[in-house]
Amino acid sequence: SFEPLASDFYGYYDLLTDREREALGELRAWLEADVKPIIGGYWERAEFPMQVVKPLADLGVLSYAWEETAPFENSTLFRGFVALELARVDASVSTFVGVQNGLATGSLAVGGSKEQREEWIPKLASGEILGAFGLTEPLSGSDSAKGLRTTARREGDEWVLNGQKRWIGNATFSDITIIWAKDEGDGQVKGFIVPTSTPGYSATKIEGKISLRPVQNADITLTDVRVPESLRLQNANSFRDTAAVLRATRAEVAWAAVGTSVGAYEAALDYAKQRVQFGKPIASHQLIQEHLVNSLGNITASLGMVVRASQLQDAGRLGDEHSALAKAYATARMRETVAWAREACGGNGIVLDHHVARFFADAEALYSYEGTREMNTLIVGRAITGEAAFV
Ligand code: FAD
């Protein structure tokens with residue numbers, strides 16, 4: 001059974017089909033029962049709860065987007081609500097899905113040949129193998145379109161990869177990592193499916209994170225890593241194709257930002273109804289109500305934007321500037337919302353037991369990954385002025 005969230009103030013769930021709503025109900029029930037109670041401990045220990053992978057696959061979360069595996073016909077809008085539901089309970093689990101599904105499988109879907117899609121997508125969608133997406137490098141983050149230093153050299157039927165990657169999510173346990181590298185021949189960025197057991201490939205966990213602690217981010221070193229031509233993404237011929245993967249995943253991060261905001265807002269609202277100060281629940285104090293209402297305003301405005309972005313994607317009309325505006329706007333509103341939620345919980349807002357602290361800390365990574373607020377702002381700036389401020 002499916003209950004709309006009270007934070008869906010203007011009834012956006014009405015836009016989904018009954019089958020889609022039913023699937024969201026199943027996902028939410030599992031998240032509430034099996035993820036919410038345990039995730040704080042994993043966050044504290046900076047471990048990823050590997051036991052979530054199978055249920056995520058069984059529920060269809062890793063299959064919905066791909067024609068090879070979708071269990072029923074579904075929309076981008078529905079998959080946005082899936083990202084919202086995941087992040088509403090935990091942004092690390094939603095990030096795991098974003099990497100496995102949006103980035104790794106998405107690279108296969110956008111850049112793979114028919115044969116590559118048929119070979120790899122079902123394995124990733126079933127969770128049989130885990131994937132990662134290696135674009136960012138120690139010396140190249142925001143400027144990855146031009147600044148990539150990892151190289152790919154063609155030698156007969158093989159490619160030889162050399163370089164370093166940084167921040168790569170899921171990469172301490174992935175079976176394959178999509179590595180983006182510059183072809184020494186034509187200077188274009190190309191994508192390679194690199195099995196992580198290949199000699200010369202190594203991944204080391206980045207320690208000491210204060211955000212998304214369960215997500216296993218890694219530094220990767222590639223030293224004369226040899227892959228056959230059959231593992232080069234056959235339809236990814238320049239950074240334009242990498243950007244096509246990111247266009248869709250950025251919009252999904254905007255959905256996750258709404259989910260994170262919803263999770264923090266709901267936790268703060270519950271807390272405010274129970275916590276009594278000056279002889280009455282703090283929810284009855286005007287300044288607390290203002291925080292809650294402003295949060296609901298942020299959520300509702302951001303939802304309007306991401307709903308429309310998903311509809312544009314379904315219609316084949318989503319531009320880089322649309323997903324960039326949604327990501328920049330929704331993550332900025334999320335940052336305000338989680339701060340108000342933390343404030344409303346007082347001291348309890350900084351301990352994991354009340355969930356708000358986790359949302360507060362995790363918001364920082366969502367704000368910066370898949371294009372920082374500044375870079376997404378400049379992508380929109382380029383679209384509206386015709387002037388690129390970042391080349
Ligand atoms: P920089 O590019 O060094 O930017 C630093 C600051 O300068 C930012 O505020 C930025 O906005 C600003 N800045 C840069 N250029 C300009 C400009 N022209 N004008 C104005 N301001 C500017 N990458 C992957 O490839 N795969 C992953 O799975 C992955 N997962 C991640 C998970 C986490 C938790 C994090 C934190 C990052 C992840 N990333 C991943 C990398 C992420 O995409 C980058 O961190 C992000 O793109 C920013 O790059 P950077 O950190 O190098 O910052």
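Coordinate-derived values only; no laboratory data. Worth saying up front: this structure is predicted, and the values here are computed from it rather than measured. So basically every Cβ, Gly included, is an ideal-geometry build from the backbone, and we count neighbours across all protein chains shown.
Things to note:
- Within region 162-185, considering residues that are away from the ligand (no atom under 12 Å from the Cβ), touching a residue at least 60 places away in the same chain (Cβ under 8 Å) and in contact with a Phe, Trp or Tyr (Cβ under 9 Å, 6 or more places away or on another chain), the one farthest from residue 205 (Cα to Cα): 176
- Selection count, region 131-159, where residues are among the hydroxyl-bearing types (Ser, Thr, Tyr), in contact with a strand residue (DSSP E or B) (Cβ under 6 Å, 6 or more places away or on another chain) and closer than 21 Å to residue 247 by Cβ: 1
- Of the helices (runs of 4 or more DSSP H) lying entirely inside region 1-115, those containing at least 3 residues that are under 16 Å from the mean Cα position of the chain (by Cα) and closer than 22 Å to residue 302 by Cβ are 76-89, 91-97.
- For region 95-130, a residue qualifies if it is farther than 17 Å from residue 233 by Cβ, of a type in the set (S, T, N, Q) and out of contact with any strand residue (DSSP E or B) (no Cβ under 7 Å at 6 or more places or on another chain), and exactly one does: 126.
- Any hit, region 343-354, residues being buried (at least 20 other Cβ atoms within 10 Å of the Cβ) and under 21 Å from residue 99 (Cα atoms): no
- You will find that of 124, 148, 108, the residue that is more than 8 Å from the ligand (Cβ to nearest atom), within 25 Å of residue 214 (Cα to Cα) and not hydroxyl-bearing (Ser, Thr, Tyr) is 124 and no other.
- Residue tally, condition more than 16 Å from the ligand (Cβ to nearest atom) and either basic (Lys, Arg) or within 26 Å of residue 109 (Cα to Cα) (or both), over region 186-223: 7
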